[in-house]
Each structure stands twice: as structure tokens, then as C-alpha cells.
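To start, the structure under review is shown below, and the notes come after it.
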Amino acid sequence: MKKGPTAKTLWLGLGFIVLGLTGVYLITGGGPRPVPFSGWGGGGIYDKGSYVSNGERIYYPGIDRDGSRLKFSGGPHWLSTMGGSCVNCHGADGRGGLSVMMGTHTPGDIRYPALVSGKHHEGEGEEEPYTDEAIAKAVRFGVEPSGETLDRTMPRWKISDQDMGDLLEFLKTLK
């Protein structure tokens, strides 16, 4: 006659279940994380609810002057599925340095003074400074002022000239 599971086996199984649930809790509940884009004022750790300028609205929820979600190519996969914008990788202060989930590079400092001084990637020494035109080229085509291609983690945003100008003006306000 075949015996059923022993008490030791049941306790061991229960222990593994508790350990697994603890791991899931720590991974999913361990702190703030971006949430899917759901429109202005739709929630999430970076949602301010209202925005002072078009440039700020582009930077935070990724909404253009016409109220449409900015389109892009490339970037991390989660950007296509969850939504996001500049703030998700470069942070609310624009200093970068945030590890990007499923990314291959840590985003640099995109505050305007850092970009135009050539000090936008910490620890990499002096880099070629950006101009307004070079910033637009980096945002749209993923190209550094030196001509090198930015890491594939950087999305290539489809952004109008007006919206790009507004975004530049907002980057100048980040301290």
C-alpha cells in the first residue's frame, strides 16, 4: 500500500511556498515603480497631475502639444507596453544615473548645463558638449555630438520642432 506525503514533506513544501511569496512581495512591493500610462492625472510615481508648460508635459507623461502620446522607436521593451517618457530614465531632476530595467546603459545627466558643458555622463571625463541642434538630434535619432550612436536603451522620439523647442526650454529649468 502506498503512503501519502509525510508531515516533513508537507512542512518543507509549505516553507517553499512562503519563501516564494516573500520573494514576490519583496520584488513587487519593495518601493515605487512606474505604472502604465493612463492619461494626464492618471497616477504613477512621476505623474504631477498638471503641468506648467508643454515641455514639462513632454518630459513627464510624454504628451505633445496636441495632447497625443509621443511616438518613438527603440528603447526598452517596457516603454512600449507600460508607457513612459524622459522622466522614467533620467529622473524627475534630469540627473540620470537610474538603472533602466532591461536596459544596457545607465542614462546620463540631461540638465541643460550638463549637456552644453560636456559633463553629462558621470565618470566618463570630458565629452563633446551638446548644442540645441545636437540635443534634438540625440532625442530624435540617438546620435551623440561626436557622431557616435547612443545606446539602444535611448528611444528615438518622433517629436515636432515646436515640441522639441518646448522640451529644450524645460530642460533649461532643471537644476
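Data table
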quantity	calculated
Meets criteria (under 21 Å from the mean Cα position of the chain (by Cα), at pLDDT 90 or above and either assigned to a loop (DSSP other than H, G, I, E, B) or of a type in the set (D, E, K, R) (or both)) for D151	no
Sole residue being farther than 23 Å from I63 by Cα and of a type outside the set (S, T, Y), chosen from G91, G118, G142, G84	G118
Options G20, G67, G55: the member that is assigned to a helix (DSSP H, G or I), modelled with pLDDT of 75 or more and loosely packed, with under 12 Cβ neighbours inside 10 Å	G20
Which listed residue is within 17 Å of F170 (Cα to Cα), free of Cβ contacts under 8 Å to residues at least 24 places away in the same chain, of a type in the set (F, W, Y) and crowded, with 19+ Cβ neighbours inside 10 Å, from Y60, Y130	Y130
Test: residue in region 122-130 that is under 15 Å from G75 (Cβ atoms), assigned to a loop (DSSP other than H, G, I, E, B), touching a Pro at 6+ places or on another chain (Cβ under 9 Å) and at pLDDT below 95	no
Any hit, region 99-116, residues being out of contact with any Gly (no Cβ under 9 Å at 6 or more places or on another chain) and either modelled with pLDDT of 95 or more or part of a helix (DSSP H, G or I) (or both)	yes
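The values are calculated or read from the model by the stated rules, or taken from the named source; none is laboratory data. Since the model is a prediction, treat every value here as computed from it, not as a measurement. Note: ideal-geometry Cβ built from the backbone for every residue, glycine included; neighbour counts use all protein chains shown.
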